[in-house]
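Worksheet: one structure, shown below.
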Amino acid sequence: MNPTRRSPLSRMHADLGAVLEHEAGWELVASYGDEAAERARVRDGIGLVDVTARGKVDVRGSLDGALSAAGDVLTARIAEDWVLVLAEPGGEEVLVPKLESAAGPNAMVTDVTHLFVGFALAGPALPDALARLTSWDPASLAAGEATGAPIADVRAVVARRDLEVPVLEAYVAAELARYAWETVLDAVRRTGGGPVGWRALRAEGWS
Amino acid sequence: MLERLYPNRFADLALGRIRYGVMLNDEGVILDDGTVARIDEDEFFVTVTTGNTAALERWITWWNADWALDVRVLNLTGAFGAVNLAGPASRGVMRSLTDADVSGEAVPYLSATPMDVAGVPALVLRIGFVGELGYEIHFPSMYGEHVWDAVMAAGERHGIRPFGLEAQRILRLEKQHILVGQDTDAESDPFEVGLGWTVKADKDDFLGKRGLEGPGAEAAGERLVGFTCEGSWVPPEGSSVVHDGIWVGRVTSARASAAVGSIVGLAWVPSGWANDGTPFEIQFGSHRSKATVAMRPFYDPEGQRLRS
């Protein structure tokens, strides 16, 4: 038996003509049929990617030990005693035991891969799209930092990254996935963008 | 923390075991109910009612901050999908889904057992809101379609069918299992709804203890009781319980039960009526019906099917 993990948005992706590929037991959207156009969208405008498949590990408590063991992954530090560690799909299977061992008894390490859906908004039009989605000022967040902020009236963990293009990753409760995706996609489309697959995002150096 | 949050005892809950509990506010009024499973020496898996999750998260987190205990609380509601595989054939279906021993001896009633189900790491809870042998399978939510499809395929030769909330409402009524918020209100305490056994008054303290011990607390004026009803008319929720034409109580839930062969329900009545066989009258508009108090579950009162 080969169980497949699917984003709660998988049927919406199918309606958009998603081309699927499999990675670490996940079904990912490689593209929506025109990879070149999607790359151009990210490079020149804005694209929206479902990055729910990311490995996600929540660490709370005394973080020093866990952070030193995290290695080359994205750490979204939300508070002094709370960090969300983000990895490639399937990366949580390695991360959780490593972080637990390093954190010791003074921190709680939890695999929250399935707790959140994740969106990445990528492209130079990112500020315009965000202006339609939140009153929170993304300029208040430096590249590499993370915080809690409302996106489309939903509580989200957001992390800002500057790659070849500006990228904002937002993680919201999985049960709100469809509402959040539809609302964010609507804002992205009004900004001239649209949905893009993982390949377009990875082409910009995202991991 | 659990000892303070609930009126019953959890410190002695054995690893891999589950206990039912009701959570009370400071006045001893029922806030919520659910199960607590001990999944490690210092780790507990707590379930609450569906609509109360966010409020209970705030409640627990608030008290945790106030008590300054070395406890961390994480709401994992969205992280888990859950399927309640229920019915006498459920063990046979489970055997097709896992290599683990799912016999009644290995996975008894009120146990919490980690095992792979359909190739997915899962926590299997032997609890039974619907009153039958059942396995509540909790698994990482994004395997949801895979697990559902696998369960339905494995159950095909057993005649499996999906069931919805309406069937669940009938089945839980046959067992007289309460729904907090529907069968309880802003004044209901555990003694009034027949859950006094969950209150361990010898504990040093718990939320609601002083409320339950306060003046007049033991002299409950009302009791929530089960009832059967003559005829085929199903009294709507909120129907009056009347005595000599005077309102003395209300129906909180009622359904037609094929298993019992009668209308069954729950109603608040004067506490003196809380005895098997007490007749009373229900009224809704021009409808009137004769009802009889039943203090024990209508279906499988000894719980043999649950424990099988």
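Which of the lysines could a cross-linker span from A:Lys56 if the Cα-Cα distance has to be under 25 Å and same-chain partners fewer than 8 positions apart are dropped?
A:Lys98
Where Lys and Arg each count +1 and Asp and Glu each count -1, what net charge lies around B:Arg9 among other residues with Cβ under 15 Å from its Cβ?
+2
Say a paramagnetic label sat at a point 7 Å from the Cα of A:Arg190, along Cα to Cβ; which residues of the range A:13-53 have their backbone N under 18 Å from it?
Only A:46-48 fall inside the zone, counting backbone N under 18 Å.
Rg and Dmax of the range B:34-138, using alpha carbons, in Å: what are they?
Final numbers for Rg and Dmax: 15.4, 47 Å.
Using a ≥ b ≥ c from the Cα gyration tensor of chain B (square roots of the eigenvalues), is it rounded, prolate or oblate, where a/c under 1.5 gives rounded and otherwise the larger of a/b and b/c decides, a/b for prolate?
Note, shape of chain B comes out oblate.
Please list, in chain and number order, the residues 5+ apart from B:Thr252 or on another chain whose amide H is under 5 Å from its amide H, with Hs placed from the backbone.
It is B:Gly238, B:Leu266, B:Ala267, B:Trp268, by chain and number.
Just from its helices, what would the mean residue ellipticity at 222 nm be for chain B, if runs of 4 or more DSSP H residues each count -39500 (n - 2.57) and the sum is divided by every residue, rounded to the nearest 500 deg cm²/dmol?
Rounded to the nearest 500, it is -5000 deg cm²/dmol.
Consider all pairwise Cα distances in the protein assembly as shown and report the whole-number % of them above 28 Å.
62
Select from B:Gly196, B:Val241, B:Tyr143 the residue farthest towards the positive end of the dipole of the range B:137-262; place +1 on Cβ of Lys and Arg, -1 on Cβ of Asp and Glu, and compute about the Cα centre.
B:Tyr143
Name the longest site-free stretch of chain A, where the excluded sites are GluC sites (Glu not before Pro) in a DSSP loop with no more than 14 other beta-carbon atoms within 10 Å.
Looking at chain A, A:1-79 is the longest stretch - no exposed GluC sites (Glu not before Pro) with at most 14 other Cβ atoms within 10 Å.
With unit charges on the beta carbon (Lys/Arg positive, Asp/Glu negative), name the residue among A:Gly45, A:Val85, A:Ala70 whose Cα is farthest towards the positive pole of the charge dipole of the protein assembly as shown.
It is A:Gly45, whose Cα lies furthest towards the positive end.
Which whole number gives the average count of other chain Cβ atoms within 10 Å of the Cβ atoms across peptide B:144-150?
3
So what are the ³J(HN,Hα) numbers for the range B:295-308, from phi and the Karplus equation (6.51, -1.76, 1.60; θ = phi - 60°), rounded to whole Hz, Gly and Pro as x?
For the range B:295-308, the Karplus-derived couplings read 8, 10, x, 6, 10, 6, x, 8, x, 5, 5, 4, 8, 5 Hz, x marking Gly and Pro.
Which whole-Hz couplings ³J(HN,Hα) result when phi for each residue of the range A:21-37 is put into the Karplus expression 6.51 cos²θ - 1.76 cosθ + 1.60, θ = phi - 60°, listed in order with x for Gly and Pro?
3J(HN,Hα) across the range A:21-37, in whole Hz: 9, 10, 8, 6, x, 9, 9, 10, 8, 6, 6, 10, x, 9, 4, 5, 5.
Determine the dipole magnitude for the range B:10-54: charges of +1 sit on the beta-carbon of Lys and Arg, -1 on that of Asp and Glu, nothing else is charged, the reference point is the Cα centre, and the result goes in debye to the nearest 20.
220
Write out the trypsin sites (Lys or Arg not before Pro) in the range B:177-240 meeting two conditions: DSSP loop, and at most 14 other Cβ atoms within 10 Å of their Cβ.
In loop regions of the range B:177-240 (DSSP not H, G, I, E or B), the sparsely surrounded trypsin sites (Lys or Arg not before Pro) are B:Lys200.
Once the piece of chain linking A:Val94 and A:Leu16 is laid out straight, how much longer is it, given 0.36 nm per residue of separation minus the C-alpha distance between them?
24.8 nm
Mind checking A:165-178 for the average number of partner chain beta-carbons within 10 Å of each residue's beta-carbon?
Across A:165-178, the average partner-chain Cβ count within 10 Å equals 1.
So what's the back-of-envelope 222 nm ellipticity for chain A, counting only DSSP H runs of four-plus at -39500 (n - 2.57) apiece and dividing by all residues, rounded to 500?
One gets -8000 deg cm²/dmol as the mean residue ellipticity at 222 nm.
Considering amide H positions built from the backbone, and no H for Pro or chain starts, which residues 5 or more places from B:His243, or on another chain, come under 5 Å of its amide H?
Under 5 Å from the amide H of B:His243 lie the amide H atoms of B:Val248, each far enough along the sequence or on another chain.
Using the Cα centre of the protein assembly as shown as the reference point, and only Cβ charges (+1 on K/R, -1 on D/E), how large is the resulting charge dipole? Debye, rounded to the nearest 20.
It comes to approximately 1000 debye.
Report the equivalent ellipsoid semi-axes for the range B:99-175 in whole Å, largest first, defined as the square roots of five times the eigenvalues of the gyration tensor built from alpha carbon atoms.
Sorted largest first and rounded, they come to 20, 17, 12 Å.
Quick one: if the Förster radius is 35 Å, what FRET efficiency do B:Asp101 and B:Ala54 give, using the C-beta to C-beta distance and rounding to 0.05?
Taking R0 as 35 Å, the efficiency between B:Asp101 and B:Ala54 is 0.40.
Only loop residues by DSSP count here, and only those with at most 11 other Cβ atoms within 10 Å; note down the GluC sites (Glu not before Pro) in the range B:33-78 that meet that.
Filter output for the range B:33-78: B:Glu41.
Just to compare against my own numbers: the Cα pair-distance distribution for the range A:55-111, 5 Å bins, whole % per bin, please.
Bin by bin from 0 Å, the calculated values are 5, 24, 39, 24, 8, 1.
Using 1/(1 + (r/R0)^6) with R0 = 45 angstrom and r between the beta carbons of B:Ala82 and A:Arg43, what's the FRET efficiency to the nearest 0.05?
For B:Ala82 and A:Arg43, the calculated efficiency is 0.60.
Using the crude model of +1 on Lys and Arg Cβ and -1 on Asp and Glu Cβ, and no other charge, please compute the dipole size for the range B:221-308 relative to its Cα centre, in debye to 20.
Here the size comes out at about 180 debye.
So what J values fall out for the range A:174-187 if you push phi through Karplus, 6.51 cos²θ - 1.76 cosθ + 1.60 with θ = phi - 60°, rounded to Hz, Gly and Pro as x?
Karplus-based 3J(HN,Hα) across the range A:174-187 equals 4, 6, 9, 4, 5, 4, 5, 4, 4, 6, 5, 5, 4, 5 Hz.
Amide H neighbours of B:Arg17 under 5 Å, counting only residues 5+ apart in sequence or on other chains, H built in-plane at 1.01 Å?
B:Arg38, B:Ala112
Go ahead and run the numbers for FRET between B:Phe44 and A:Ala24, Cβ-Cβ distance against an R0 of 35 Å, rounding to 0.05.
0.70
In 10 Å bins starting at 0, how do the alpha-carbon pair distances of the range A:96-207 split up by percent?
Binned Cα distances yield the sequence 13, 41, 33, 11, 2.
Read the figures in this text as sums done on the coordinates, not as results from a lab. All values reported here derive from a predicted model rather than from experimental measurement. Note that each Cβ is placed from the backbone with ideal geometry, even for glycine, and that neighbours are counted across all protein chains shown.
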